[in-house]
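Student: The structure is given below, and queries will be raised subsequently.
The values are calculated or read from the model by the stated rules, or taken from the named source; none is laboratory data. Computed from a prediction, not measured in an experiment: that's the story for all the values here. Every residue, glycine as well, gets a Cβ built from its backbone with ideal geometry; the counts of neighbours run over all protein chains shown. Side chains are part of the model used for accessible areas, which takes the heavy atoms of the whole protein and leaves out ligands, DNA and RNA. Shrake-Rupley method; radii C 1.70, N 1.55, O 1.52, S 1.80 Å.
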Amino acid sequence: MSDERLRRLNAMRDCDRILSGVRPKTMRDRIADIEAGGDVDEWPDFYGDGPVEVLEERVAGLLGTQAAVFFPTGTMAQQVALRYGADRTGIPAAALHPLGHQEVHERHAYAELTGLRGVRSTTERRNPTAAEIARLGEPVSTVVVELPMRDAGFVLPSWDELVAVAKAARAIGARVHFDGARIWESTPHLGHSLREVAALADSVYVSFYKSLDGISGAVLAGTEDLGDYARAWRHRYGGTIFQQWPAVLAALAGLDRELPRLPDYVRHARAIAEALSVLPGAKVFPQPPHTHQFRLWLPFSADAIGAAVLAMAERDGVWFAGGWQDADVPGYAVTEVTIAAHALEWTAADVAEVGARLLAELT
């Protein structure tokens, strides 16, 4: 770990107030999360039984699916989902968004390891529409929908649009796969329960560390047939690990602690985004946010904002937002804002006051 990263982690951990993100956790903190997830005096898992099965059953119940299979990574789970679609339909192609997780963050694993070909579902900065699926022009085994689409700004379709896309995919003979790493916080915008959302898809991938504050791990959920297939391919990909109880218990703790809070985070994100949008030169997208995460632009360089955020954190014990990158628009930097438990304490007046202090550091 670089000295600069260690400095940021220590500064954020020591802050009394945090607007964006969660307080960094040490390994001792993580041990506490593990202990909150189950009885640590029970026996650990052995190659996928015990607490792993408890988590799988919990997620299947939440999503209303016949089966749920735990994977050490979402990249592995997504590959298996697309492979399943190709094997069952005989069509070695899947409809994917160029900003989707498989294309941007998984190094095209579906193509490099599974031999599938990606077909662009749309080039717009959103999930595809039913009309775009209908005119793909070639057969695909699976249509992937990312809920929400992170690299487009954590954007979601409306419920009616999502229903229409699922119908359009099936009309062309394709399965529907939800890349639902952040599906947990998508239900307020969609206006329907997790079970109702998952019922639109043939398979759903969920993550435990992106929104639920887990350590690692994912689940691929769907039919019993998909579950049997997933367990076989999980083993072949090297994902049937001897013991995974730390990640599993942390995931169970996250389901208990964070999942019930997410609707509050989403609601408060709308108020925080509105307060940020009136800072001089600030831009927020989407407005209002679709989930508890959104993008924020400020008219300064990423290095300048990062230095100002760190200085204010170390001096005043207040963390604004980190992870700044220079934007495509010259003179602007952008970051992803995540509203979690610490931000619930912030009022619009707090945001305005701290935002003004940050801008004073920059000018």
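Student: Starting from the Cα-Cα distance between T73 and R135, subtract it from 0.36 nm times their residue separation and give me the gain in nm to one decimal.
Tutor: Using 0.36 nm per residue and subtracting the Cα-Cα distance, I get 19.0 nm.
Student: Order S186, S158 by their accessible area, 1.4 angstrom probe, all chains in place, largest first.
Tutor: S158, S186
Student: For the chain, with all protein chains present and a 1.4 Å probe, just round the carbon and sulfur fraction of the accessible area to a whole percent.
Tutor: Answer for the chain is 52 percent, counting heavy atoms of protein chains only.
Student: Further question: State in Å² the accessible area per residue of the chain; use a 1.4 Å probe, count heavy atoms of protein chains only, and round to the nearest integer.
Tutor: Details: 15660 Å² over 363 residues.
For the chain, the per-residue accessible area is 43 Å².
Student: 222 nm [θ] for the chain, helices only, -39500 (n - 2.57) per DSSP H run of 4+, per residue, to 500?
Tutor: On the way: 15 runs with 158 residues, N = 363.
So the helix-based figure for the chain works out to -13000 deg cm²/dmol.
Student: With every protein chain left in place and a probe of 1.4 Å, what is the accessible surface of I215, to the nearest 10 Å²?
Tutor: Using a 1.4 Å probe on the heavy atoms, I get roughly 70 Å².
Student: Also: Just the number, please: Stokes-Einstein D of segment 148-287 in µm²/s, Kirkwood Rh from C-alpha pairs, 4 °C, 1.567 mPa s.
Tutor: Numbers: Rh = 17.1 Å.
The diffusion coefficient I find is 76 µm²/s.
Student: What size of dipole, in debye to the nearest 20, comes out for the chain about its Cα centre when the only charges are +1 on Lys and Arg C-beta atoms and -1 on Asp and Glu C-beta atoms? Write out the running numbers ahead of the final one.
Tutor: Working: 36 positive and 48 negative charges, 161 e Å.
Dipole about the Cα centre, nearest 20: 780 debye.
Student: Assuming a ≥ b ≥ c are the square roots of the Cα gyration tensor eigenvalues, decide whether segment 1-146 counts as rounded (a/c under 1.5), prolate (otherwise, with a/b larger than b/c) or oblate.
Tutor: Judged from the Cα gyration tensor, segment 1-146 comes out oblate (a/c at least 1.5, b/c at or above a/b).
Student: Moving on to the next point. Keeping all protein chains in position, work out how much accessible area M76 exposes to a 1.4 Å probe, and write it in Å² to the nearest 10.
Tutor: Using a 1.4 Å probe on the heavy atoms, I get roughly 30 Å².
Student: Same structure, new question: Would you mind classifying the chain by shape? Square roots of the alpha carbon gyration tensor eigenvalues, ordered a ≥ b ≥ c; an a/c under 1.5 is rounded, otherwise it is prolate if a/b is larger than b/c and oblate if not.
Tutor: The shape class here is oblate.
Student: Rounded to two decimal places and with Rh computed the Kirkwood way over Cα pairs, what is Rg over Rh for segment 241-340?
Tutor: Over the Cα atoms of segment 241-340, Rg/Rh equals 1.09.
Student: So which residue, out of P157, P288, P128, gets the largest mean-square fluctuation from a GNM of the chain using Cα contacts under 10 Å as springs?
Tutor: P288
Student: Under 18 Å Cα to Cα from K210, which lysines show up? Leave out anything in the same chain fewer than 8 places away.
Tutor: K25
Student: Please give the length that would be gained between D256 and L344 if that part of the chain were fully extended, namely 0.36 nm times their separation in residues minus their C-alpha to C-alpha distance (nm, one decimal). Write down the numbers at each step before the final one.
Tutor: On the way: separation 88, 0.36 × 88 = 31.68 nm, distance 1.84 nm.
Stretched out fully, the D256 to L344 stretch lengthens by 29.8 nm.
Student: Enter the accessible area of K283 (Å², nearest 10), with the probe set to 1.4 Å and all protein chains included.
Tutor: Accessible area of K283: about 110 Å².
Student: Now, a different point. Amide H neighbours of V119 under 5 Å, at least 5 residues apart or on other chains, H built in the peptide plane: list them.
Tutor: Here the answer is A94, A95, L96, since their amide H atoms fall under 5 Å of that of V119.
Student: Who wins for biggest fluctuation among Y265, Y47, Y209 in a Gaussian network model of the chain, springs between alpha carbons below 10 Å?
Tutor: Y47
Student: Largest first, please: the extent of the C-alpha atoms of segment 174-236 along each principal axis, to the nearest Å.
Tutor: 37, 31, 16
Student: I want to check the label-to-label distance for H108 and D328. Put each point 7 Å from Cα in the C-beta direction and report it in nm to one decimal.
Tutor: The answer from the label model is 2.1 nm.
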